[in-house]
Amino acid sequence: MANPKRKQSKSRTRKRRAHDALKPPQFYLDKDSGEPLQPHRIDPKTGMYKGRKILDVEEEA
């Protein structure tokens, strides 16, 4: 099994790990309702996606 010849420096390790940070989730404002939604997901309240009806959503009583 291969072994490193020299110890990897802290700066080199931290450069590699700089991309591991968690990013906040992306949101957009819905044109009709104005509430924030995640992109590329079906709207759970209306059942719409890209202006088309995908799901039949039951009305809340």
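The values are calculated or read from the model by the stated rules, or taken from the named source; none is laboratory data. What you see is a predicted model; the values in this text were computed from it and never measured. Using ideal geometry, Cβ is built from the backbone for each residue, glycine included, and neighbour counts are taken over all protein chains shown.
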inquiry  = Quick test of your reading of the structure: Tyr49 fulfils all but one of (1) of a type outside the set (A, V, I, L, M, F, W, C); (2) modelled with pLDDT of 90 or more; (3) within 19 Å of the chain's Cα centre (by Cα). Name the failing condition by number.
reply    = (2)
request  = Name the one entry in Gln8, Gln26 that is of a type outside the set (Gly, Ala, Ser), touching a Pro at 6+ places or on another chain (Cβ under 8 Å) and in a loop (DSSP other than H, G, I, E, B).
outcome  = Gln26
query = What pairs come up if the first residue lies in the range 1-30 and is at pLDDT below 90, the second is among the hydrophobic types (A, V, I, L, M, F, W, C) and surrounded by 10 or more Cβ atoms within 10 Å (Cβ to Cβ), and their beta carbons are under 7 Å apart, counting only those six or more places apart or on different chains?
reply = Asp30/Leu37
